[in-house]
Amino acid sequence: MMNAVDRILKTVKDAPTLPTVYTALCDAMSNPHSTANEVAKIVSMDQASTIKILRIANSSFFGFSGRIENIQRAIVILGFNEVRNLIMASSVMTMFSRKESTTGFKPNDFWAHSLSVGLLARAIGKLAKCTNVENFFVAGILHDIGKLYFYQFAHEEFVRAISSVEKEGRLIRDVEVEVFGMDHALMGSSLADHWKLPEPIRDAIHYHHFGIAGDKPDLLVASVHLGDILARALGLGHPGDDLVPQPSDCIWDILKLQPGMISGMVPSFLQDYEEAVSKMQLQ
Amino acid sequence: MLTRIAVENIKPGMLLAEPVLNKHQKEIFPSGTKLTEYHRNFFKNSGVQCVVIDHEQAPIDSQSNSNISPLAAQRVQKRIRWKPCNPMEEEIYQLALKSAEHALSEKRSQ
């Protein structure tokens, strides 16, 4: 007899695929001779993605507020990878469009939490002096995508899980293991495999509760882990439960943050967050 | 009265009279910081041997906790079920308190 984990993972094979624009973009980017104009043409085929990307790219947290007027410029300024990441995030947000709220779980609040983790992960990566933070925002946005998969494709069980979380005051990940036989981090990494997302992003989704990828110290994984905890502490959005877990010990050695850095970064982050929530229409 | 004391002799509630610097001469705790158990452990682990404390100055709540209502503190305690073990975790705790207080005051003003 098939157990709960096998049953859920089997459904992943039939999960929606990322849109053609994303796969075409990945193909073009794997060709070393592709130019920014060729990539821009592919992106421009999808009008909705184009508009979303320009809206996000012109947010103040990318530091180019109001200066990126077309996709060609977005590619030149943000780089191929960041534009591909933004398309991926935008596609996933559109794909999981079940809008109605279940008691204790509101998709808009879920995305507001995910957005805050994306912004915080990027800010933490910069504090940790990471030289390339282009995966941080999208990894933060997608870190809890497994929850949304449960919500959309195993709705009744997920509602039951949320109800237990509320009654018993527990972390959603612990209840998920009881209900689905696995938590949203494992679910999310299976989805990431299905979508062939870049490995660092897949690892950040898989290991965001631990802060370390197995025994491999990783700035991205540690930043998403801390970003998740900080977003919960600040009460931004709602991830499905009310608790703030303690950070894993290992992240302090990985990130090497000094006292004062976290609270020093928060005021500018909150401004970015308010702007991003309004641009993504999550209010 | 200012006194230089060994880190082992720090007692919770004492106030720093001079900032504590790290080995790069960067300030890690400002003067006026109310010391706790975790400060003592942090100093021990960081190689800080002594600190200057003020015996006369009235305790200053360096984290502005005097502005935190009991209801906000209670809400945070319900959500954060662990004790901060280092200054960064203490910062997270303090941010949660401020955020809870802010949310409550917004609710009151509505």
Provide, for q = 0.09 Å⁻¹, the log10 of I(q)/I(0) from a solvent-free Debye sum over equal Cα point scatterers in chain A.
-0.40
Normalised Cα Rg of the stretch A:99-173, dividing by 2.2 N^0.38 Å with N its residue count, works out at 1.30
Once fully extended, how much extra length lies between A:GLN47 and A:ASP253, figured as 0.36 nm per residue of separation less the alpha-carbon to alpha-carbon distance?
69.8 nm
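Can you tally the lysine pairs in chain A where the Cα-Cα distance is under 14 Å and the two residues are eight or more apart, or on different chains?
Close lysine pairs under the 14 Å cut-off: 5.
Ranked highest first by average number of other Cβ atoms within 10 Å, how do B:32-40, A:196-204 line up? Let's see the in-between values first.
Values: B:32-40: 18.1, A:196-204: 20.9.
Most protected by this proxy first, the peptides run A:196-204, B:32-40.
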The stretch A:174-246 versus the stretch A:41-117: alpha-carbon centroid distance in Å:
20
On Cα atoms only, tilt of B:70-79 relative to the major axis of chain B in degrees:
90
Arrange the peptides A:182-190, A:135-143 so that the one whose residues have, on average, the most other Cβ atoms within 10 Å appears first.
A:135-143, A:182-190
Relative contact order of the stretch A:170-283: what whole-number percent is it, with Cα pairs under 8 angstrom and at least 6 residues apart?
19
If the viscosity is 0.692 mPa s and the temperature 37 °C, what translational diffusion coefficient in µm²/s does Stokes-Einstein give for the stretch A:73-208 when Rh comes from Kirkwood over Cα pairs?
211
Sites B:MET1 and B:ASN22 - FRET efficiency at Förster radius 25 Å, r taken between beta-carbons, to 0.05:
0.40
Is there a simple number for the mean count of other chain Cβ atoms within 10 Å of the Cβ of residues in B:76-89, and what is it?
5
Taking 7 Å along the Cα-to-C-beta vector as the label spot, tell me the B:GLN74-A:SER34 distance in nanometres, rounded to one decimal.
5.7
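A short reminder: the numbers here are calculations on the coordinates, not readings from a lab. Here the structure is a predicted model, which means the values were calculated and not measured. With ideal geometry, Cβ positions are generated from the backbone for all residues, glycine too; neighbour counts draw on all protein chains shown.
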